[in-house]
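Notes to accompany the following structure.
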Amino acid sequence: MSIKHHLTDALLMAYSAGELPEAFNLVVATHVSLCDECRARLASFDAVGGAVLEECEDASMTPDALAATMERIRMGSGAPIHTDAATRRHLSALFPAPLRDYVGGDIDAVKWRPVGGGVRQAILPTSKDASVRLLHIPAGAAVPDHGHRGLELTQVLKGAFRDEHDRFGAGDIEVATEADVHTPVAEPGEDCICLAATDAPLKFTGLLPRLAQPFFRI
Amino acid sequence: MYRFEGGVTMKSTTGSAHLEWVAHVVRVRDARDEAAFAELFRHFAPRVKAFLMKSGASASLAEECAQEVMATVWHKAHLFDPSRASVATWVFTIARNRRIDALRKQRRPEPEDLGWGPEAEPDQAEVLDLQQESARLTEALRLLPEKQRVLVERAYFGDLSHSEIAEETGLPLGTIKSRIRLALERLRHAMS
């Protein structure tokens, strides 16, 4: 997979520091699963966290803390709980492990809902401070024109889309801010599947999609 | 199996403490060595507790979480990869995830694990390079201008919102990134 569009340093650092809403965490974890360049950059931000920890002044532990921890260990506390994210993806799977974890399976397990124009979506359950959904855009179809308050991340999983500025293929991530009003169109030939997160409801600029917005929970 | 005690001669002391901690984790992993674990505990548990208190946890919650984090270090020693992280970095990621769980009550989606096959044990030279680079990064953080250092620390204590986190840390991350990139390439090669 040749990836041209990557995560920003600010997003990688916020993910490393643990400061992103859950919906964004999922998109970042999905991109990093596909992109070794961003995986290495993320690891370097984790190393900053390690340096911050190393430089923390000691807060003294209670006198029996070590004995209590050995007891926890014997009780199995802190033992790894098997999650899907810990396992490697089967070669035929489209979704990386963290996304598969939220969907409850691969692409065939997604519960799609139509949102008009042949576009389908599935909202994934996360904390309410941001939202994330899968989008299925038919080849050649447009995603309704929208601006957005705050930040929007769009990870391409399959196919490709173009907007006025650039082309985004499988593996690429688009990082858009409120200044960007764009009209993404799926490339002809193959349907496009994306994972998109926003920290505010999208505001569509067309009349009909705007009326439909509360209903579809976009 | 890789061995660090006696097998590696350091040219300078840069990273030697880091390499010591790696050897401790390896002893916990291979021999369930309680003495090695006790030394890790004495060094890292008070730092994890301080880190969690600076992140807004009460002293009692921070104490409990620090014990949990150290128990995880024991159980997950086999997942630690010294060609991609220092022990401090690895402990930080465990403490951060514990914080999100305890303070924000949220799940944290993690990237797909690459895992080490039996044939893909990390290369000793790569481990040495990475541990030295981690020591240099800690030194660079210490030498940042006060204002900038505080900003980086506040970000990791969870004191800044994601929109307040700056693009530029002032820290030299290029070399450590390249080292990790090489370790990943080697791992991908071994997996294919």
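Has the stretch A:181-198 got any residue that is under 20 Å from A:L20 (Cβ atoms), of a type outside the set (S, T, Y), open to solvent by 50 Å² or more (accessible area, probe 1.4 Å) and at pLDDT below 95?
no
Would you check which residues across the stretch A:85-115 are open to solvent by less than 50 Å² (accessible area, probe 1.4 Å) and modelled with pLDDT under 85 and list them?
A:A85, A:T87
How many residues does the stretch B:67-94 hold that are at the interface with chain A (Cβ under 8 Å from one of its Cβ atoms) and either charged (D, E, K, R) or within 20 Å of A:E19 (Cα to Cα) (or both)?
Matching residues across the stretch B:67-94 total 10.
Select, from B:L128, B:L141, B:L171, the only residue that is at the interface with another protein chain (Cβ under 9 Å from one of its Cβ atoms) and either at pLDDT 95 or above or assigned to a helix (DSSP H, G or I) (or both). Quick ask: steps written out before the conclusion?
Values: B:L128 fails: at the interface with another protein chain (Cβ under 9 Å from one of its Cβ atoms); B:L171 fails: either at pLDDT 95 or above or assigned to a helix (DSSP H, G or I) (or both).
Within the list B:L128, B:L141, B:L171, the selection yields B:L141.
If the Cβ limit is 8 Å and pairs must be 6+ apart or interchain, which residue in the stretch A:102-123 that is over 23 Å from A:D199 (Cβ atoms) pairs with which residue that is of a type in the set (G, A, S) and in a helix (DSSP H, G or I)?
Here the result reads A:G116/A:A212, each pair linking the stretch A:102-123 to a residue that is of a type in the set (G, A, S) and in a helix (DSSP H, G or I).
Would you check which residues across the stretch A:22-36 are open to solvent by 10 Å² or more (accessible area, probe 1.4 Å) and more than 7 Å from chain B (Cβ to nearest Cβ) and list them?
A:L34
Considering the stretch A:44-69 alone, what residues qualify as being more than 14 Å from B:A155 (Cα to Cα) and more than 7 Å from chain B (Cβ to nearest Cβ)?
A:P63, A:D64, A:A67
Scanning the stretch A:1-15 for residues that are more than 8 Å from chain B (Cβ to nearest Cβ) and outside any loop (DSSP other than H, G, I, E, B), which turns out farthest from A:L124 (Cα to Cα)?
A:L12
Quick grid of which residues meet (1) at negative phi; (2) open to solvent by 50 Å² or more (accessible area, probe 1.4 Å); (3) at pLDDT 95 or above:
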{"position": "B:E5", "(1), (2), (3)": "yes, yes, no"}
{"position": "B:E39", "(1), (2), (3)": "yes, yes, yes"}
{"position": "B:E64", "(1), (2), (3)": "yes, yes, yes"}
{"position": "B:M70", "(1), (2), (3)": "yes, no, yes"}
{"position": "B:A102", "(1), (2), (3)": "yes, no, no"}
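The values are calculated or read from the model by the stated rules, or taken from the named source; none is laboratory data. A quick note: this is a predicted structure, and the numbers were derived from the prediction, not measured. For neighbour counting, all protein chains shown are included, and Cβ atoms are generated from backbone atoms with ideal geometry for every residue, glycine included. To get the accessible areas, we keep the full protein, side chains included, count just its heavy atoms, and leave off ligands, DNA and RNA. Shrake-Rupley method; radii C 1.70, N 1.55, O 1.52, S 1.80 Å.
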